[in-house]
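Report on the following structure.
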Amino acid sequence: MQRDDYLPKEAEIIEVIQETGSNLNIKTFHLRLKGNEKVFDFEPGQFLMLTVYGVGEAPFGLASSPSDKDKIVISVKETGKVTAALHELTVGDEVGLRGPYGNSFPVEEHKEQELVFISGGIGLAPLRSAIDYVLDPGNRENYGRVQMLQAFRSPEDMLYDYDQPRWEETTNTELKYTIDKPCEEWEHCVGFPHNLIKDEIECLTSGIKYYVCGPPIMIKSVINELLDIGVKPEDIITTLEMRMSCGLGKCGKCNIGPHYVCKDGPVFSYQELLEMPDEY
Ligand SMILES: Cc1cc2nc3c(=O)[nH]c(=O)nc-3n(C[C@H](O)[C@H](O)[C@H](O)COP(=O)(O)OP(=O)(O)OC[C@H]3O[C@@H](n4cnc5c(N)ncnc54)[C@H](O)[C@@H]3O)c2cc1C
Ligand code: FES
């Protein structure tokens, strides 16, 4: 370990996007490292530790594609002390960044395969990095068909509406949205994602990898549905969110049995989770 592993780099907020219009408060922050430093190399699925000075530090998944070298993007749901303080910040304010940490989505391993991305709410944030990477014109031909099912509580809770035209227009890509309850002028699906998989996703039991991110209950029900269809546990990829402190595999705060989620995760296949103690 280097002596400065715990020392955050200074970054400036260059844009803040209010994503949600409901009381589920989610904002996207675009950040730039100070001193004209280029964005560090990272892989989709990795996270960073962000410091709000004088308040505290918290982990957030990187939400941009590694090919975007201009800015670092995170999307943050207001839940408590650090996230509320971050939501108060605006363009020109400074934060501290450490990372990137953790393993990554196996998008390199899954070249030539079809991919399905199923997200619930803020779970779309880390997946956005993988989606943008796979749909990048320089990478698109390396993958088969891409299907997405994005679930939100209501139309006001939808994330990244500015990305949707770009995603929808990419060749061989299908994007479906669902909300929990019917509402006027909503023309897409209604219902929880696990109940829609059979009808809305063309599922195959081989040649497709399934990426699932969202609240624990959504992940559990989607995985159960996929297993029911006959998808193999090793073809299902998900992420774990444990409380974290160091992010470096040193403090032991995030361990599940012998595994540190900050270092060995946060990305795991369902097969790997089956082999771990049920402590998550
Ligand atoms: C690897 C990783 C990636 C993450 N990526 C994102 C992201 O992209 N966007 C995002 O909005 N959030 C993300 N989170 C969750 C985020 O780190 C927490 O919401 C944040 O730490 C809360 O800090 P706080 O001080 O605002 O809340 P606190 O005041 O510490 O807690 C508020 C409430 O949230 C609960 N909570 C806090 N942290 C967690 C956690 N890790 N898991 C479950 N419950 C928790 C607490 O129990 C409490 O009920 C990620 C977490 C991890 C581990
Ligand atoms: S957060 Fe310290 S070991 Fe994982």
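Nothing in this text is a laboratory measurement; each read-out follows from the coordinates by a stated rule. Just so you know, these numbers come straight off a predicted model, no measurement behind them. Quick reminder, even Gly has a Cβ in these numbers, built from the backbone with ideal geometry, and neighbours come from all protein chains shown.
Projected onto their three principal axes, the Cα atoms of the stretch 9-101 cover extents of 34, 26, 22 Å, largest first. Compactness of the chain is given as radius of gyration and Dmax, 18.3, 57 Å, from Cα positions.
Taking other residues whose beta carbon is less than 13 angstrom from the beta carbon of Ser104, and scoring Lys, Arg as +1 and Asp, Glu as -1, yields -4. Compute the Cα gyration tensor for the stretch 32-81, then decide on rounded, prolate or oblate, letting a ≥ b ≥ c be the square roots of its eigenvalues: rounded whenever a/c is under 1.5, prolate when a/b is larger than b/c in the other cases, and oblate in all that remain. Oblate, since a/c reaches 1.5 and b/c is not below a/b. Across the chain, the relative contact order, built from alpha-carbon pairs under 8 Å that are at least six residues apart, equals 17 percent.
Residues considered: Thr178, Thr170, Thr83. Largest GNM mean-square fluctuation over the chain, using C-alpha springs under 10 Å, is found at Thr170.
Take the alpha carbon gyration tensor of the stretch 143-248, find the square roots of its eigenvalues, order them as a ≥ b ≥ c, and report rounded if a/c is under 1.5; if not, report prolate when a/b exceeds b/c, else oblate. Rounded shape, in that the Cα axes give a/c under 1.5. The protection proxy used here, the mean number of other Cβ atoms lying within 10 Å of each residue, ranks peptides 182-188, 73-79 as follows, highest first: 73-79, 182-188. Secondary structure note: in the chain, about 55% of the DSSP beta bridges are antiparallel. Result for the chain in a Gaussian network model with C-alpha springs under 10 Å: among Leu127, Leu89, Leu149, the largest mean-square fluctuation is at Leu89. Using only the Cα atoms of the stretch 20-158, build the gyration tensor, take square roots of its eigenvalues as a ≥ b ≥ c, and label the shape rounded, prolate or oblate: rounded if a/c is under 1.5, else prolate if a/b is larger than b/c, else oblate. In terms of gyration-tensor shape, oblate. Karplus-based coupling profile of the stretch 218-232, in residue order and whole Hz: 5, 4, 4, 6, 5, 4, 4, 5, 5, 5, 4, 6, x, 5, 7, with θ = phi - 60° in 6.51 cos²θ - 1.76 cosθ + 1.60 and x standing for Gly or Pro. Dividing the summed helix terms, -39500 (n - 2.57) for each DSSP H run of n ≥ 4, by the number of residues in the chain produces a 222 nm estimate of -5500 deg cm²/dmol to the nearest 500.
Peptide packing for 216-226, 27-37 was compared via the average number of neighbouring C-beta atoms within 10 Å per residue; ordered from the highest value, the list is 216-226, 27-37.
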